1. Looking at (1) buried (at least 24 other Cβ atoms within 10 Å of the Cβ); (2) on the phi > 0 side of the Ramachandran plot; (3) of a type outside the set (Lys, Arg), find the lone condition where Ala79 falls short.
2. Inside the range 113-221, counting only strands (runs of 3 or more DSSP E) that do not spill past its ends, which hold 1 or more residues that are more than 18 Å from Asp30 (Cβ to Cβ) and modelled with pLDDT of 95 or more?
3. Testing Arg244 on (1) in contact (Cβ under 8 Å) with a residue 40 or more places away in the chain; (2) loosely packed, with under 15 Cβ neighbours inside 10 Å, one condition comes back false. Which one is that?
4. Given the structure, is Ala213 under 19 Å from the mean Cα position of the chain (by Cα), within 27 Å of Leu50 (Cβ to Cβ) and without any contact (Cβ under 8 Å) to a residue 60 or more places away in the chain?
5. May I ask you to verify whether Ile65 is modelled with pLDDT of 95 or more and not assigned by TED's automatic domain parsing to the domain that holds Met202?
6. Can you find even one residue in the range 222-244 that is in contact with an Asp or Glu (Cβ under 7 Å, 6 or more places away or on another chain), under 27 Å from Ala82 (Cβ atoms) and in the same structural domain as Gly168 (by TED's automatic domain parsing)?
7. Could you say which residue among Ala33, Ala86, Ala11, Ala40 is within 29 Å of Ala191 (Cβ to Cβ), touching a residue at least 24 places away in the same chain (Cβ under 8 Å) and either among the small types (Gly, Ala, Ser) or surrounded by fewer than 19 Cβ atoms within 10 Å (Cβ to Cβ) (or both)?
8. His224 passes all but one of (1) in a strand (DSSP E or B); (2) within 23 Å of Ser73 (Cβ to Cβ); which number fails?
Amino acid sequence: MRESELLSHIASLAANQPLRFPHVLLPPGDDCAILRSPSADPILLTVDNLVEGRHFTPDTPIDLIARKAIARSISDIAAMGARPLAALAAAVLPTDYPHARQLADALHRWGDFFNCPVVGGDLSSASSPLILSITAVATRPLPSPDSTAWRPLTRAGARPGDELFLTGPLGASLISGRHLRFTPRIAEGIAAAHSPLVHAMMDISDGLGRDAARMAEASRVRIHLHADRLPLATECRSWLDAARDGEDYELLIAADPALRAHHHAVIPAIAGLPPVPLIGPIGLVAATDDHHPPECTIFTPDGPHDAASLGWDH
């Protein structure tokens, strides 16, 4: 079973959780799940695996393995516009692994760096590659004069007429090594979650094409991307690589056209955070009808391409 099929099955199993469990505000299917605490504050939860041979090579420095492991989960939190609180780290170490202490030191160092301290976890060993699993917990940003405007953003809020933007260039993340050194867009996500003009957001980890198709499906809309508008990273050779390479960890944002018309595609500053300039628009959101179901299409000089086929499906 492919990843997309299994994720769809899991989402269907949990679809009625908010009805059965009132404290579940958002079940599986987005970057984070959202729970309601007894004090009514939202609690956001996410978990990501990092597997040797899949997400990093055996010769990757321990410090960069730890950095990526922590940053991947925090990127999911950034995609919801929330503030990380803490992390749990579970590891399956290869038998007689010689770098365990160094790895533990690095995980705690990067957790502290991103204001997401590692507060617990689990250890085991096996005849297998190194596997790290990082669970991150988050909540609303710290109180500010703009706190009442904040709400967690999901990938399900895109509306017909919205324009699509990015927080940075795409492509060649593996070739350049950027997939090991990226910085989660926490400040950008928080600013977006305060803006009434931003309707949906998600991080780009499996490739723009596949992830934008997930936003289209979740929002029940059609997304049209334009190949000639995609911002290419320095090492990226083409729009195709930008759409399918993945591991970019930039944010894909669906916003009202007024963001461009009245604010020049800049999310206005909020208390304690600077304004956030966006790249785009790279595409548009359109309505569905009887003949056009939710989908994502990339328009290129060679004609339209199904975006869902471009990216990673583990």
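The values are calculated or read from the model by the stated rules, or taken from the named source; none is laboratory data. Just so you know, these numbers come straight off a predicted model, no measurement behind them. With ideal geometry, Cβ positions are generated from the backbone for all residues, glycine too; neighbour counts draw on all protein chains shown.
1. (2)
2. Per the criteria, 131-139, 163-166.
3. The single condition Arg244 does not satisfy is (2).
4. Working: under 19 Å from the mean Cα position of the chain (by Cα): yes; within 27 Å of Leu50 (Cβ to Cβ): yes; without any contact (Cβ under 8 Å) to a residue 60 or more places away in the chain: no.
Answer is no for this residue.
5. Details: modelled with pLDDT of 95 or more: yes; not assigned by TED's automatic domain parsing to the domain that holds Met202: yes.
Criteria met by Ile65.
6. no
7. When all the criteria are applied, what remains is Ala86.
8. For His224, the exception is condition (2).
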